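Following: one structure in structure tokens, then a few remarks.
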Amino acid sequence: MSDAPSPPRRPVSRTLHGETVVDAYRWMQDRESAEVIAHLRAENRYCDERLAHLSELRETLFQEIRSRIQESDLSVPAPKGPWFYLTRTEEGRQYPVSCRRRGSADGPEEILLDANELAGDSAYFGVGLFEVSPDHALAAWSTDYSGAELYRLRFRDLETKRDLEDAIEGSYYGGAWSADSKSFFYTRPDDAMRPYQLWRHEIGKPGGDDTLVFQEDDERFFLEVDASRSEDWIFVTLQSQTTSEVWMLDAAEPAQPPRCVRPREPGVEYWVDHLRKRSGEKSGEQGGAGDGGELAILTTLDAPNGRIARAPVSNPSRWEDWVAHREDVKLDGLDAFAAHVVAWYRKQGTSGIAVLPLDGGDPRELSFDEEVRCVDAATNLEYETDRLRFEYESLVTPSSLYEETLTNGERRLLKRQPVLGDYRAEDWEARREWASAADGERIPISLVRPRDARGPLPLVLYGYGAYESNTDPWFSAGRLSLLERGVAFAIAHVRGGGELGRRWYEGGKLAAKHNSFGDLIACAEHLVDAGLADGERVAIRGGSAGGLLVAAALNQRPELFRAVVAEVPFVDVVNTLLDETLPLTVTEWEEWGNPALEEQYAWIRAWCPYENTRPTAYPRVLATAGLNDPRVSFWEPAKWVAELRHQSTSGEPVLLKTEMGAGHGGPSGRYDAWREEALVLAFLLDSLGC
């Protein structure tokens, strides 16, 4: 076996706020350097060599994952007008196929977009958007062949299945059609990969003739575009980490300028959906397709956990209270339908659904049996419906599609994702545990383990804890390979996420970010002290901001963990946040802080994983990166791994695996993704002695 790569240390000093810090691996930040590419390839070879003894196990795990999944499958067709839309997968093919059926869910099927044919033999392939026009005659679709998240936008005639000559380079996620299906709105990112422009394309005209509709120059704000479910309005949402602002475009008058719902206020967020004028209501003052009706508004104005207001379309800034703020309930989102508004919420860290009738009836909360669960919106394409589709899953219940009649509460299971083989949910126990942090805060944990387990088990502990994102307990066919070998799995719902409301998020960001790391450590210690986890066999795993989480916890308590998996980890935090030319840097200041400011530099510098690596006995580490990653630059894990290997006194392997043709999400094809997961699982099982 060859020795571990030992890249040269070429110190570059940074003096800031009276402190000088040496960066020995800054040279790795040159993606055009042949030396850097050669180093990444050498790291990949070394990783392969160190894990070669696991090749049989990796293949076994891959086959286990594959054997549990119904490879040829199709989604439940979703109705919209005369069509039912669905996706299908086919055994042996990497990507889904988008289809539709005319007249009924069982009608004759048309293939609209076959991602497998588009991908060809490309190492990476991603679809950015696929939006069918209101008249069902056209589809806007976009593709990326590198993982850099810059897309080529095309338009397809769905009758002939031929693409129009229209082609637009450099688009981003999100898009919306005008009501007449003749114009399409799309976004473009700036050089820092921040979506900041909204453009209107008229079908049949060259892309160079497109009209710039809106531009957001404040570098803290992302621009997103989406159509209301009613398809009467197009909403342009400008969102920073703490503030939002929404503009409205009449879908029937696409050339008219947008108008603002309510000017932005620092620290206030809001999101809107449209409620059409119902029979008996007076018409509004606004003409066109959006004539009359109201806006349903979810806002944090005077309501940290959210409240719901209503406003007339004719005067959208005149908000009237509808659903009051509650300290014990966090509102996550809302969806408007013809006779109901559906509110998505969470209480005590658990997600739920409430139905708000527009006729003044009492709100109704949907009931569920499992406490440790995840409920989320499914594909609901129609506005004039009294049926809601939602996804339900848990650590032991596979992804399940339900349809509930909102008027009477009748619920039907439309599909539960098959788990092939002899899977039985009752063989596993899912439960909620609570850890105590150093400051007395109680941290929720979602845990799954074999029901007949006795005594402490090896443990894989997962965490994220940033951006107010919720890490809900999801089902994983791959995770069964851990459980079947006697390894427990847990999610630490640390501060910085949104599981327990706005205060939970604010308790783990900016100057309070250190709480996230302490919470993860407290969760590991609790599971050990409670006799649920073997204190000698605890591994932690996280990706992106979760990679930062596990890396920072590793620096603080290296002896607590047997192994660490950090996927595309954000670990070179100070240097990245000092460089405004890098993608997304400015937008991140409201989450982590701006190190150009002395006070904020102090708190980031105190925990930045790369800069707090020290001589100590680190456990084994597996880090991943994507060469084309626009969110976490490949050099962050590359530099961190080199520094860890240089500092560690344990002799345990520190490994880096870089996808040379992919981005933030890793491999794009499902079989490639399963092989990647098999690699990680094999590393974890080997590290835990299982």
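All of the numbers you see were taken from the coordinates with simple rules; none came from a lab. Because the structure is predicted, anything quoted here is derived from the model rather than measured. Cβ coordinates were reconstructed from backbone atoms using ideal geometry, including for glycine residues, and neighbour counts include every protein chain displayed.
Below 17 Å, Cα to Cα, which aspartates and glutamates can K161 reach? Residues fewer than 8 away in the same chain don't count.
Result set, ordered by chain and number: E109, E110, D114, E117, E131, D135.
List L688, L461 from most exposed to least, where exposure is judged by having the fewest other Cβ atoms within 10 Å.
Starting with the residue having the fewest Cβ neighbours, the order is L688, L461.
Considering Cα pairs under 8 angstrom that are at least six residues apart, work out the relative contact order of the chain and quote it in whole percent.
10
Restricting attention to the alpha-carbon atoms of the chain, what are Rg (one decimal) and Dmax (integer), both in Å?
25.4, 79
How high is the FRET efficiency between R502 and D579 when r is their beta carbon distance and R₀ equals 35 Å, given to the nearest 0.05?
For R502 and D579, the calculated efficiency is 0.70.
Take the Cβ-Cβ distance between I111 and K182 as r, set R0 to 25 Å, and report the resulting FRET efficiency rounded to the nearest 0.05.
Step by step, r from the Cβ atoms, then E = 0.50.
S317 to D135: extension gain in nm, 0.36 nm per residue of separation minus the Cα-Cα distance?
Using 0.36 nm per residue and subtracting the Cα-Cα distance, I get 62.4 nm.
Given a cut-off of under 8 Å on Cα pairs at least six residues apart, what relative contact order in percent is computed for the range 363-455?
20
Using the 10 angstrom Cβ neighbour count as an exposure proxy, how do C47, C99, C523 rank, fewest first?
Neighbour counts put them in this order, fewest first: C99, C47, C523.
Can you tell me the length gained on complete extension of the stretch F368 to Q348, counting 0.36 nm per residue apart and subtracting the Cα distance?
So the chain would gain 5.8 nm between F368 and Q348.
Would you mind ranking D629, D359 so that the residue whose beta carbon has the fewest other beta carbons within 10 Å leads the list?
Sorted ascending by nearby Cβ count, the order is D359, D629.
By what distance, in whole Å, do the Cα atoms of the range 113-180 stretch along each of the three principal axes, largest value first?
Dimensions of the range 113-180 along the principal axes of its Cα atoms: 37, 23, 17 Å.
Could you state the number of Å between the C-alpha centres of the range 384-404 and the range 480-525?
One Cα centre to the other: 26 Å.
Can you compute the FRET efficiency between S122 and D163 using 1/(1 + (r/R0)^6), with r the Cβ-Cβ distance and R0 = 22 Å? Round to the nearest 0.05.
0.80
Can you tell me the relative contact order of the range 105-257? Whole percent, Cα pairs under 8 Å, sequence separation 6 or more.
The value is 14 percent.
Please give the contour-minus-distance gain from R451 to D226: 0.36 nm per residue of separation, less the Cα-Cα distance, rounded to one decimal in nm.
Extra length from R451 to D226 when fully extended: 76.5 nm.
Test of understanding: express the Cα radius of gyration of the range 589-650 as a ratio to 2.2 N^0.38 Å, with N the residue count.
Working it through for the range 589-650, the quotient is 1.30.
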